[in-house]
Amino acid sequence: MPSLLDVLKDKLSGKNVRIVLPEGEDERVLTAATKLQSSDFVTPVVLGDKDKIEALAKDKDLDISGIEIITPSTSDLKPELVDAFVERRKGKATKEQAEDMLNNVNYFGTMLVYAGKAEGLVSGAAHSTGDTVRPALQIIKTKPGVAKTSGVFFMIKGEEQYVFGDCAINPTLEATDLAEIAVESAKTAKSFGMDPKVALLSFSTKGSAKSDDVEKVAEATKAAQEKAESEGLKDVVIDGEFQFDAAIVPEVASKKAPDAQIKGDANVFVFPSLEAGNIGYKIAQRLGGYEAIGPVLQGLNSPVNDLSRGCSTEDVYNLSIITAAQTLQ
């Protein structure tokens with residue numbers, strides 16, 4: 001069975017999707033850019049101080065010939081992007097403020113995507129999640145009908161492939177938020193070739209414990225099922241609330257939730273809080289040996305994705321491929 005990334009590379013072959021990498025002065029990012037440049041599925045657009053990037057490439061013996069490198073403060077594109085930014089922000093930024101803000105590589109890179117000069121962006125190796133997501137929310141914004149963006153991870157080990165969310169963005173989630181994340185996560189899984197079976201997680205399985213937190217997940221499950229049906233996703237299974245073992249182990253599911261739609265075969269997991277999701281994916285990654293690709297942001301008009309500051313070169317490369325694949329949707 002080919003891996004997710006191999007499938008995506010095949011789909012992207014010959015497409016040369018332009019992906020902005022704002023952190024070109026970071027060795028991991030620049031190394032990934034050279035690897036992407038040698039492919040025919042992603043064309044990297046690297047941002048940063050050109051002199052520093054060239055010095056880094058020379059020091060690390062990286063071939064950056066052919067890679068487009070843009071220094072935001074001196075770019076010929078800046079005046080056009082400044083005007084577009086002022087218009088997009090609708091009075092929330094003056095031209096002078098915009099000129100200063102677009103010296104920031106994340107704002108400049110996001111404007112490249114908004115202006116159609118690139119198709120997606122990957123950042124976060126040297127910036128916080130907020131630094132990556134804030135420009136996206138201000139400029140690219142969420143799709144119609146989506147209240148909040150959310151972040152999922154593809155968790156991969158061999159032929160096993162799961163989606164975990166929200167692990168990156170929203171500190172507090174109401175039942176309506178969880179329902180939206182469940183549906184958006186199902187769409188994400190489906191768009192990457194998975195047959196989504198979505199489990200909303202709790203410390204209770206089908207009412208085995210009583211609390212406001214359990215009730216919230218049960219309410220979210222019902223709302224998610226209704227939302228999925230209203231959006232024509234009738235073939236997507238969404239169920240809850242489940243403890244993790246009841247969602248993924250058939251023998252446990254048969255005892256704890258014999259009448260549930262999910263029979264211990266869930267592959268998309270919606271965590272009840274950011275705290276639970278973030279801890280959960282890191283346990284699976286560090287103790288379970290799963291590769292964590294993401295966070296992949298859902299619900300935006302164009303793909304912008306966030307790396308962990310502890311990422312590797314391979315993480316940058318893989319998330320760039322995921323981001324390019326999102327543009328095909």
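Numbers below:
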item	result
Size of charge dipole - segment 1-130 - debye, nearest 20, with Cβ of Lys, Arg +1 and Asp, Glu -1, no other charges	500 debye
Solvent-accessible area per residue, Å², over segment 142-229 with all protein chains present [probe radius 1.4 Å]	42 Å²
Asp59 accessible area, 1.4 Å probe, all protein chains in place, Å² to nearest 10	110 Å²
Cβ-derived FRET efficiency at R0 56 Å, Lys263 paired with Asp40, nearest 0.05	0.85
Inter-part distance where segment 37-98 and segment 110-161 are each reduced to a Cα centre, Å	17 Å
Acute angle (nearest 10 degrees) that the helix 212-230 long axis makes with the longest principal axis of the chain, alpha-carbon atoms	70 degrees
Theoretical FRET efficiency, 1/(1+(r/R0)^6), r = Cβ-Cβ of Glu27 and Asp245, R0 51 Å, to 0.05	0.80
222 nm mean residue ellipticity, helices alone, for the chain (DSSP H n ≥ 4; -39,500 (n - 2.57); rounded to 500)	-13000 deg cm²/dmol
Column: log10 I(q)/I(0), Debye, Cα scatterers of segment 54-192, q = 0.19 Å⁻¹	-1.18
Size of electric dipole in segment 226-329: Cβ of Lys, Arg +1 and of Asp, Glu -1, about Cα centre, debye, nearest 20	240 debye
Folded to 0 to 90 degrees: helix 313-326 orientation relative to the chain principal axis, Cα	80 degrees
Longest exposed-site-free window of the chain, the sites being trypsin sites (Lys or Arg not before Pro) in a DSSP loop that have at most 12 other C-beta atoms within 10 Å	93-209
Estimated FRET transfer efficiency (Ser208, Lys234; beta-carbon r; R0 30 Å; 0.05)	0.55
Projected area, mean over directions - segment 1-61, Cα convex hull, nm²	4.5 nm²
Set of lysines with alpha-carbon distance to Lys95 below 20 Å, sequence-local pairs under 8 removed	Lys78
Rounded accessible area of Glu96 (nearest 10 Å², 1.4 Å probe)	130 Å²
Net length gained if the chain between Asp10 and Glu314 were fully extended (0.36 nm per residue, minus Cα distance)	107.6 nm
Beta bridges per DSSP with both ends in the chain, % antiparallel, nearest 5	35 percent
Flagged links, alpha-carbon separation over 28 Å, of Lys50/Lys190; Lys52/Lys282; Lys143/Lys263; Lys9/Lys157; Lys15/Lys190	Lys50/Lys190; Lys52/Lys282; Lys143/Lys263
Separation between Cα centres of segment 284-329 and segment 220-278, rounded to whole Å	23 Å
Portion, in percent, of the accessible area of the chain that falls on carbon or sulfur, probe 1.4 Å	48 percent
Extension gain, Lys58 back to Thr176 (0.36 nm per residue minus Cα-Cα distance, nm)	37.3 nm
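The values are calculated or read from the model by the stated rules, or taken from the named source; none is laboratory data. Nothing here was measured: the structure is a model prediction, and the numbers come from that model. Counting neighbours? That spans all protein chains shown, and the Cβs are built from the backbone with ideal geometry, glycine included. The accessibility values were calculated without ligands, DNA or RNA, using every heavy atom of the protein model including side chains. Shrake-Rupley method; radii C 1.70, N 1.55, O 1.52, S 1.80 Å.
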